[in-house]
1. Could you work out the local net charge near Pro89, counting Lys and Arg as +1, Asp and Glu as -1, over the other residues with Cβ closer than 14 Å to its Cβ?
2. Indicate the gyration tensor shape class of the chain (rounded, prolate or oblate), computed on the Cα atoms with a ≥ b ≥ c the square roots of the eigenvalues: a/c under 1.5 is rounded; otherwise a/b larger than b/c is prolate and the rest oblate.
3. Which aspartates and glutamates does Lys124 reach when only Cα atoms under 19 Å apart count, and residues fewer than 8 places away in its own chain are ignored?
4. Can you tell me which of 34-42, 125-133 comes out highest on packing, and rank the rest after it, using the mean Cβ neighbours within 10 Å?
5. Considering only the other residues whose Cβ falls under 12 Å of the Cβ of Val53, what net charge follows from Lys and Arg at +1 and Asp and Glu at -1?
6. Report the full-extension gain for the segment Phe38 to Thr22: residue separation times 0.36 nm, less the Cα-Cα distance, to one decimal in nm.
7. At 222 nm, what value in deg cm²/dmol follows for the chain if DSSP H runs of at least 4 each add -39500 (n - 2.57) and the sum is divided by all its residues, to the nearest 500?
8. By the scheme Lys and Arg +1, Asp and Glu -1, what is the net charge of all other residues having a beta-carbon under 13 Å from that of Glu120?
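Values in this text are rule-based calculations from the coordinates and carry no lab data. Please read these numbers as outputs of a predicted model, since none were measured by experiment. Cβ: placed from backbone, ideal geometry, glycine included. Neighbour counts: every protein chain shown.
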Amino acid sequence: MNIPAQWQDPLTILGILNTAETIAIVGLSANELRASHFVGFYLKRHGYRVVPVNPRERTILGETCYPDLASVPFAIDVVDVFRTPDAVPGIARDAVRVGAKALWCQYGVINPEGGRIAEEAGLKVVVDRCMKVEHARHLGRMHWLGFNTGQITARR
């Protein structure tokens, strides 16, 4: 599937990571072995306010869980999606309604309609990228080790 280049733009990604404070993770799992849980843990550890959005749980990572974005009683900067691609258009509409600034769809969560809904409403959009990986690459230890050079080599 072709993903528009602007939805994977490094400057957009860096801008989101540098300005976001509150990240609502839709589909955050209480299961410590799930990728969403690890990403939420990592982001919380790096100073972001993580808001779990999962109707099946009461708390995750010590934070109150909300059944949907509309139930979150404070401003959300980024909506990070760990759901199936067919759920993205509805989540994008909800992100627009709550005034989020960005829609971020994790690896494999690719839905062009959802991306267009968010983009046309003025949200920044990132698709098929992991927030934890991008944070580590641009701002974390991978950055410090030089992994954000855009070149991968085994030459010595």
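1. Values: positive: Arg83, Arg93, Arg97, Arg116; negative: Asp86, Asp94, Glu113, Glu119, Glu120.
Result for the neighbourhood of Pro89: -1.
2. On the way: a/c = 1.77, a/b = 1.28, b/c = 1.38.
Judged from the Cα gyration tensor, the chain comes out oblate (a/c at least 1.5, b/c at or above a/b).
3. Hits, sequence-local ones excluded: Asp9, Glu21, Asp77, Asp80, Asp94, Glu113, Glu134.
4. Values: 34-42: 18.4, 125-133: 21.2.
The packing order, highest mean first, is 125-133, 34-42.
5. On the way: positive: Arg56, Arg83; negative: Glu57, Glu63, Asp68, Asp80, Asp94.
Net charge in that neighbourhood comes out at -3.
6. Gain on extension, Phe38 to Thr22, equals 4.1 nm.
7. Helices in the chain give a 222 nm mean residue ellipticity of -9500 deg cm²/dmol.
8. Working: positive: Arg93, Arg116, Lys124; negative: Glu113, Glu119.
Combined, the nearby Lys, Arg, Asp and Glu give +1.
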